[in-house]
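The values are calculated or read from the model by the stated rules, or taken from the named source; none is laboratory data. Keep in mind that this is a model prediction, so the values were computed, not measured. Here the Cβ positions follow ideal geometry from the backbone for every residue, glycine too, while neighbour counts run over all protein chains shown.
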Amino acid sequence: LIMSVVSLTVILDRVTTLRRAQCQALPFIAELLRIIREQGLERAIAYCQRLSKPVAAVAAKILLQPGDRAARERAGRYARQEQINRLESFVAILGTIGSTAPFVGLFGTVIGVIKAFQDIAMSAGAGPEVVSAGIAEALIATAFGLLVAIPAVMFYNYCIRRIETLAQDIVRAAYELFEALSAAKIGG
């Protein structure tokens, strides 16, 4: 029961976080460059900070970094990793629950089968109904373990794939930003 509650909580949190993190990288960069050209670097940084999206946070760190392209690339790499780490928060819990819940269910099954055999031993001449009741109870534990594990694994894979896609978007946006800043000779 605890695993199912934790799993559901993490699933809801991560799905919400990953949906909010979505941002079309290239249109974002196009708008950011327009703001830089028309309104200046400070306004562009404020625009990034207002969006509160991972790609915008990385762009803001790049724009805030003084120095040449190498310094900005370093700042961009650190900022990207920071954003990815934030997105990955708690995702490992889903993997852990997905891999351990079946074993917890199996443990419950083993306990239930042991109990069924004890019930048989305690009641001399017991019929199949004594055995079947204990085994049915034991199989419920297995089913519950799988019921918890399957969604946890599915959402773990979903989260990992979304994070990979967001990371690629961040890399693409950072590259476009570096190229545009170099071409415009902004900040080094």
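Tabulated results
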| quantity | calculated |
| --- | --- |
| Val110 hydrophobic (A, V, I, L, M, F, W, C) and exposed (fewer than 14 other Cβ atoms within 10 Å of the Cβ) | yes |
| Residue within the range 126-148 that is over 29 Å from Val55 (Cα atoms), in contact with a Phe, Trp or Tyr (Cβ under 6 Å, 6 or more places away or on another chain) and assigned to a helix (DSSP H, G or I) present | no |
| Output for the range 130-188, where each listed residue is polar (S, T, N, Q), closer than 27 Å to Gln65 by Cβ and in contact (Cβ under 8 Å) with a residue 24 or more places away in the chain | Ser182 |
| Out of Ala152, Ala180, sole residue that is more than 25 Å from Ile93 (Cα to Cα) and either in contact with a helix residue (DSSP H, G or I) (Cβ under 7 Å, 6 or more places away or on another chain) or among the aromatic types (Phe, Trp, Tyr) (or both) | Ala180 |
| Neighbours by Cβ (under 6 Å, 6+ apart or cross-chain): first from the range 65-76, in contact (Cβ under 8 Å) with a residue 40 or more places away in the chain; second part of a helix (DSSP H, G or I) and of a type in the set (S, T, N, Q) | Arg69/Ser182 |
| Test: Leu181 is part of a helix (DSSP H, G or I) and under 31 Å from the mean Cα position of the chain (by Cα) | no |
| Residue count for the range 165-181, restricted to those that are modelled with pLDDT under 90 and either over 17 Å from Ala60 (Cβ atoms) or hydroxyl-bearing (Ser, Thr, Tyr) (or both) | 1 |
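Matching residues to (1) under 30 Å from Gly112 (Cα atoms); (2) in contact with a Lys or Arg (Cβ under 9 Å, 6 or more places away or on another chain):
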position: Val148; (1), (2): yes, no
position: Ala152; (1), (2): yes, no
position: Tyr158; (1), (2): no, yes
position: Gln168; (1), (2): no, no
position: Val171; (1), (2): no, yes
